[in-house]
Amino acid sequence: METRLARELGTSQAPVREALRDLQSLRLVESEPFRGARVRGVDDSHLLAVFPVRAVLEELAAREAASREDRDVRPLERELDAMRKAAARQDWRTQISHDLAFHRAAVELAGNEPLLQSWLVLGIDVSTAFATYWTYWEQEELAEFHVPIVEAIRAGDPARAGAEARKHVRRTERVVRRRTRAALRKAP
């Protein structure tokens, strides 16, 4: 597989092998000795396992971001604006891309490298994308869900920022749990 991908991409096997390892660390690819790598299936049970961890990490990030004297919410505002514009165009792909960038920017605003690395290693951005793609909110509503987080960080209110970040993550978790229960009821 590495050889074929390297040939198709016009590169050597080393960068392909490294990219596959990165995808494996994000739990998007599974690799077995002598069998190769394959794309890992993602379903709601995988997503549900991530939500409690994501809620804690993003709550902590929002609290720390709001506590900083040098907090700058402009990166969050840019992503929020881009989400709104994408929603107006009914462009889900772009909106979700900016949704992910918003959450990463919020974690980066905390200025805590171990927190950012924990968020990245868990592949939280990937689970967020899958959860959002499968959730079916109104696009404008999805963008506006982020406003209370921005406002609390801008106000320098760590408790409110953390609570809003946790509420934001839990909202998506509740929808995914309902979807999972509904699917189980339909299963034969």
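What follows is calculated from the coordinates using simple rules that are stated; it is not laboratory data. Note that the structure is a prediction, hence the values are computed from the model and not measured. As a convention, Cβ positions derive from the backbone with ideal geometry for all residues, glycine included, and neighbour counts pool all protein chains shown.
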Next item on the list: Figure the gain on full extension for Ala14 and Leu184 (residue separation times 0.36 nm, minus the Cα-Cα span) and round it to one decimal in nm.
Entry: 56.9 nm
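Just to verify a number: FRET efficiency for Glu32 and Thr94, C-beta to C-beta distance, R0 = 41 Å, to 0.05?
After rounding to 0.05, the efficiency reads 0.70.
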Next item on the list: Beta carbons within 10 angstrom, averaged per residue: use that to sort the peptides 71-82, 97-108, 175-186, highest first.
Entry: 97-108, 71-82, 175-186
Check: Could you give me the ³J(HN,Hα) list for the stretch 84-89, computed from phi with Karplus coefficients 6.51, -1.76, 1.60 and θ = phi - 60°, whole Hz, x at Gly and Pro?
Finding: 4, 5, 5, 4, 4, 8
Notebook entry, point to check: Tell me, what is a quarter of the convex hull surface for the C-alpha atoms of the stretch 44-186, in nm² with one decimal?
Noted result: 7.9
Check: What list of ³J(HN,Hα) values in whole Hz, one per residue of the stretch 119-124 in order, does the Karplus curve 6.51 cos²θ - 1.76 cosθ + 1.60 (θ = phi - 60°) give from phi, with Gly and Pro shown as x?
Finding: 4, 5, 4, 6, x, 4
Note to self: Taking θ = phi - 60°, what integer Hz values does the Karplus form 6.51 cos²θ - 1.76 cosθ + 1.60 yield along the stretch 171-188, in sequence order, with x for Gly and Pro?
What the structure shows: 4, 5, 4, 4, 5, 5, 5, 4, 4, 5, 4, 5, 5, 5, 5, 7, 5, x
Next item on the list: Send over the semi-axes of the stretch 32-120's equivalent ellipsoid, whole angstrom and largest first, taken as the square roots of 5 times the C-alpha gyration tensor eigenvalues.
Entry: 27, 21, 12
